[in-house]
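The values are calculated or read from the model by the stated rules, or taken from the named source; none is laboratory data. Everything quoted here is computed from the prediction, not taken from an experiment. Don't worry about glycine lacking a Cβ; one is built from the backbone with ideal geometry, like all the others, and counts go over all protein chains shown. What goes into the accessible areas is simple: the full protein's heavy atoms, side chains included, and nothing from ligands, DNA or RNA. Shrake-Rupley method; radii C 1.70, N 1.55, O 1.52, S 1.80 Å.
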Amino acid sequence: MKGPVTPEAAVAPIGSGQRVFIHSSAATPLTLLHALLARAGEVTNVELLSISTFGDLGLDRTGARDHFFLNTLFVSDNARETV
């Protein structure tokens with residue numbers, strides 16, 4: 001059994017054109033999401049699917065909106081401007 005991995009290693013398998021479900025509410029995985037958004041330009045056309053999220057999603061980072069698309073079923077306050 002392998003030990004823990006870095007957030008960067010955890011999101012490394014995600015590729016362009018894929019859909020990623022972001023767990024909701026207090027379980028929003030902000031560390032993993034920020035590691036994924038740091039790959040803007042390396043991956044493109046990645047759909048981020050969520051129900052409701054809490055915290056700073058980081059989608060206002062430079063280039064994030066050019067490579068990631070938020071598809072949310074509930075527009076939380078933290079995602080309203082992005083949507």
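Before moving on, here are some points about what is shown:
- Taking the numbered list (1) in contact with a Gly (Cβ under 7 Å, 6 or more places away or on another chain); (2) not in a loop (DSSP other than H, G, I, E, B) in turn, Thr28 passes all entries but (2).
- Taken as a whole, the condition of being over 10 Å from the mean Cα position of the chain (by Cα), on the phi < 0 side of the Ramachandran plot, in a loop (DSSP other than H, G, I, E, B) and modelled with pLDDT of 90 or more applies to Gly15.
- Unique match (being in a loop (DSSP other than H, G, I, E, B), free of Cβ contacts under 8 Å to residues at least 60 places away in the same chain and crowded, with 16+ Cβ neighbours inside 10 Å) among Leu36, Leu48, Leu59, Leu70: Leu59
- Whichever residue in the range 18-33 is open to solvent by 30 Å² or more (accessible area, probe 1.4 Å) and touching a Pro at 6+ places or on another chain (Cβ under 8 Å) and, among such residues, is modelled with the lowest pLDDT: His23
- Check on Val75, touching a residue at least 12 places away in the same chain (Cβ under 8 Å), assigned to a loop (DSSP other than H, G, I, E, B) and either open to solvent by 40 Å² or more (accessible area, probe 1.4 Å) or touching a helix residue (DSSP H, G or I) at 6+ places or on another chain (Cβ under 8 Å) (or both): no
- Every listed requirement among (1) out of contact with any helix residue (DSSP H, G or I) (no Cβ under 8 Å at 6 or more places or on another chain); (2) modelled with pLDDT of 90 or more; (3) open to solvent by less than 80 Å² (accessible area, probe 1.4 Å) is met by Val5 save one, (3).
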